[in-house]
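A.B. asks: So that we are looking at the same thing, I have put the structure below in structure tokens.
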Amino acid sequence: MKEWTERAELLFKAEGLEKLRNSNVMVVGLGGVGSFAAEFLARAGVGTMTIVDGDVVDITNINRQLPALHSTIGQSKAKVVGDRLIDISPELKLTRVEEFLSPERAYEIVTNEFDYVLDCIDSVTPKLNLIIAAKHKKVKIISSMGAGGKMEAAKVKVADISKTVNCKLARTIRKRLKKERINKVKVVFSSEIQDEASLKMTDGSNFKKSFYGTNSYMPGLFGLYAAETVIRYLLKK
């Protein structure tokens with residue numbers, strides 16, 4: 001019987017697959033960005049993963065999030081995504097954390113056990129706390145900036161946060177990180193100007209005051225770029 005990693009081994013070689021199997025990665029946020037990033041990591045053969053999200057599937061998630069189906073509405077995203085990852089990679093050592101990260105928990109959950117942290121949170125305060133925790137503990141992190149209100153796939157890229165343009169989330173995070181004397185963070189962002197007409201205000205729950213309209217492919221593309229960055233780093237490690 002052929003191994004499910006056969007095609008990956010042709011590209012990564014046996015030693016590359018072994019590096020991925022021995023890697024430990026955390027994905028925080030399992031929405032449109034994080035759910036795809038987590039799946040790409042599992043399909044690449046990452047051996048140990050922690051996934052973090054306290055949310056449940058909502059009907060409005062269906063247009064862009066991997067766990068969101070009409071049959072999964074109301075179910076925990078961590079459970080739905082986790083079950084899918086195990087079905088992809090049965091030997092995956094998976095830890096599910098079903099909670100929204102408070103500032104204190106961000107510092108607790110980031111440890112030196114992780115080779116990489118993927119920040120796929122879409123709210124400013126938890127995102128900031130996670131980045132600060134990773135930077136203070138010298139754990140590698142890539143952070144997803146704003147995919148909402150954008151349509152052009154070709155304008156998505158990975159860069160240091162200091163190089164970002166036309167991203168309001170990146171600008172906010174950059175300013176607040178400077179107060180913490182943190183100037184360098186690897187991010188996924190789009191240089192496209194956001195569609196302001198797609199902005200909607202919220203009640204501010206879960207640290208989220210507003211959101212932009214989002215299409216089916218941009219969040220997944222951000223997740224792909226984040227996962228690619230991590231996988232290529234792990235292969236070279």
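The values are calculated or read from the model by the stated rules, or taken from the named source; none is laboratory data. What you see is a predicted model; the values in this text were computed from it and never measured. Here Cβ is always computed from backbone atoms with ideal geometry, including for glycine, and neighbour counts include all displayed protein chains.
A.B. asks: I'd like to verify a number: residues in the stretch 194-237 that are closer than 18 Å to Gly32 by Cα, over 19 Å from the mean Cα position of the chain (by Cα) and part of a helix (DSSP H, G or I), how many?
C.D. replies: Total satisfying the criteria: 1.
A.B. asks: Just for the stretch 154-163: of the residues that are touching a residue at least 12 places away in the same chain (Cβ under 8 Å) and farther than 16 Å from Tyr212 by Cβ, which one is farthest from the chain's Cα centre (by Cα)? First the steps, then the outcome.
C.D. replies: Taking the stretch 154-163 and keeping what is touching a residue at least 12 places away in the same chain (Cβ under 8 Å), we get 155-162.
Applying the additional criterion that residues be farther than 16 Å from Tyr212 by Cβ yields 157-162.
Working: Lys157: 15, Val158: 13, Ala159: 15, Asp160: 16, Ile161: 16, Ser162: 20 Å.
Among them, the one singled out is Ser162.
A.B. asks: If you don't mind, there's one more thing I want to ask. Which of the following residues is in a helix (DSSP H, G or I) and under 26 Å from Leu128 (Cβ atoms): Phe36, Phe100?
C.D. replies: On the way: Phe100 fails: in a helix (DSSP H, G or I).
Of Phe36, Phe100, the one residue that is in a helix (DSSP H, G or I) and under 26 Å from Leu128 (Cβ atoms) is Phe36.
A.B. asks: Given the conditions (1) among the charged types (D, E, K, R); (2) crowded, with 22+ Cβ neighbours inside 10 Å; (3) in contact with a Ser or Thr (Cβ under 7 Å, 6 or more places away or on another chain), report the number of the one that Asp53 does not fulfil.
C.D. replies: Condition not satisfied by Asp53: (3).
A.B. asks: All but one of (1) in a loop (DSSP other than H, G, I, E, B); (2) of a type outside the set (Asp, Glu); (3) modelled with pLDDT under 95 hold for Thr111; which doesn't?
C.D. replies: Of the numbered conditions (1) in a loop (DSSP other than H, G, I, E, B); (2) of a type outside the set (Asp, Glu); (3) modelled with pLDDT under 95, the odd one out for Thr111 is (3).
A.B. asks: Just wondering, is there one or more residues in the stretch 80-87 that are in contact with a Gly (Cβ under 9 Å, 6 or more places away or on another chain), within 21 Å of Tyr217 (Cβ to Cβ) and not in a loop (DSSP other than H, G, I, E, B)?
C.D. replies: Checking the stretch 80-87: at least one residue is in contact with a Gly (Cβ under 9 Å, 6 or more places away or on another chain), within 21 Å of Tyr217 (Cβ to Cβ) and not in a loop (DSSP other than H, G, I, E, B).
A.B. asks: Residues to consider are Tyr217, Tyr233, Tyr212; find the one that is of a type in the set (Phe, Trp, Tyr) and buried (at least 18 other Cβ atoms within 10 Å of the Cβ).
C.D. replies: Numbers: Tyr217 fails: buried (at least 18 other Cβ atoms within 10 Å of the Cβ); Tyr233 fails: buried (at least 18 other Cβ atoms within 10 Å of the Cβ).
One residue alone meets the criteria, Tyr212.
A.B. asks: Would the stretch 124-139 turn up any residue that is surrounded by fewer than 18 Cβ atoms within 10 Å (Cβ to Cβ) and closer than 23 Å to Asp58 by Cα?
C.D. replies: Yes, the stretch 124-139 has at least one match.
A.B. asks: Still on this model: Quick check, is Ile141 at pLDDT 95 or above and within 22 Å of Met201 (Cβ to Cβ)?
C.D. replies: Values: at pLDDT 95 or above: yes; within 22 Å of Met201 (Cβ to Cβ): no.
Taking the combined requirement at face value, the residue does not satisfy it.
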